[in-house]
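**Student:** Here you go, one structure.
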């Protein structure tokens, strides 16, 4: 048994090394023929099992070529970070530990590391002292989790216990978002019974920032959702104006900071986060700029009791002591111990390393924008963070160039439609991206644009 497992893990480790060594030079996007070939992994369920080495070889042979190059240095799609070596190694060890991060009883080490990682993140992101939180699947679930705490608190202030009584007959909650709020925020609001279409949308400026002068008057239970990092422009809502303006209203201010949350960790970008420390909750992704493995979301709440009121459970067999229990802060009960990889990357990089990573990627985004502008192409956003939105004339030509870039394989960038323009969207958020990778990608994009008429 032990020898069999040892041999299989060595086989897997070698295949993983081969994949990572090749990701530097292979096309970043998966080729159509590789994607088609991967369907051969299907068919009827085998009646009998087969050798585990054969299973791994088949998965590698058909699966690896069909994987996108997220782990490489020139993947600029969907604000996707590449897994840092410390996160990958910790992920392997944690999988071997096979811990259920549900409680201190199910895994003392998972609970201990989660406590430490939350404390470190609160410090790194300059959130208020005493802020608590939980580790979830991603920003969608993080928004859901934090907004559940918000719903609990604003209804409790109105004399309603939503956990016990539900929403039938509950006081109305006014939910305010910007016109360019991310669609996953709307999804989270829908899941919470607050409605995707019942929200009040505030007009935004040319970069997608919520206009303070357009905020509606607030009376009664209210939740205001700010955006730290517009998914196209990277722009931040002006929290330093909005939060003080709402201070006497009793409104709960929530921050959707899927990737923009990490600006707070960088000396050079921290000014963008000014005023966000005045909010009541924050959502983010560790699998974006912290570059840990999927899936890893972060939900923070200034007063953790509101989160545990919304998420807590009780049963005769569950511990109910004074120590923080992970199951009281997330929607999931049984779950993987996500805090282990977060702890590993924070240990490996430290405060300076995270700051430098964010600053370096932002400088690389500016270089891409400068190079594309110098070649005569339109940059549609103020490049204040890691996002670049570029157009190459009309929608039809821009679409053909995006498709050609993806087919070329030097780098991978997605398309978007922003403020009436079809555009290329580049998101720089990987620890592995070097300045040389930026120049190589820039040369390829400019060349493809020149050749595509």
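**Student:** Multiply the residue separation of residue 348 and residue 120 by 0.36 nm, subtract the distance between their alpha-carbon atoms, and state the gained length in nm to one decimal.
**Tutor:** Result for the pair: 80.8 nm of gain on full extension.
**Student:** Starting with the highest mean, order 133-140, 20-27, 311-318, 51-58 by the number of other Cβ atoms within 10 Å, averaged over the residues of each peptide.
**Tutor:** 133-140, 20-27, 51-58, 311-318
**Student:** What distance in nm separates the two pseudo spin-label positions at residue 89 and residue 187, each 7 Å out from Cα along the beta-carbon direction?
**Tutor:** 3.4 nm
**Student:** Ranked highest first by average number of other Cβ atoms within 10 Å, how do 414-423, 81-90, 64-73 line up?
**Tutor:** In descending order of packing, they fall as 81-90, 64-73, 414-423.
**Student:** How high is the relative contact order of the chain, in percent, with contacts defined as C-alpha pairs under 8 Å that are six or more residues apart?
**Tutor:** Relative contact order here is 22 percent.
**Student:** If you average 1/r over every pair of different alpha-carbon atoms in the chain and take one over that average, what Kirkwood value in Å do you get?
**Tutor:** 23.4 Å
**Student:** Taking 0.36 nm per intervening residue step and subtracting the Cα-Cα distance, what contour gain separates residue 96 from residue 56 on full extension?
**Tutor:** Value of the extension gain: 12.7 nm.
**Student:** Ranked highest first by the average count of other Cβ atoms within 10 Å around their residues, in what order do 400-411, 427-438, 3-14 fall?
**Tutor:** Averaged packing, sorted descending, gives the order 427-438, 400-411, 3-14.
**Student:** Sort out for me the Cα centre separation of segment 386-453 from segment 42-100, rounded to whole Å.
**Tutor:** 27 Å
**Student:** Just grab the label-to-label distance for residue 165 and residue 249, each label 7 Å out from Cα along the Cβ direction, in nm (one decimal).
**Tutor:** With each label point 7 Å from Cα toward Cβ, the separation is 2.4 nm.
**Student:** In percent, how large is the relative contact order of segment 90-345, given Cα pairs closer than 8 Å and 6 or more residues apart?
**Tutor:** Rounded, it is 31 percent for segment 90-345.
Since every read-out is calculated from the coordinates, none of them should be taken as a lab result. Since the model is a prediction, treat every value here as computed from it, not as a measurement. In this analysis, Cβ positions are derived from the backbone assuming ideal geometry, glycine residues included, and neighbour counts consider all displayed protein chains.
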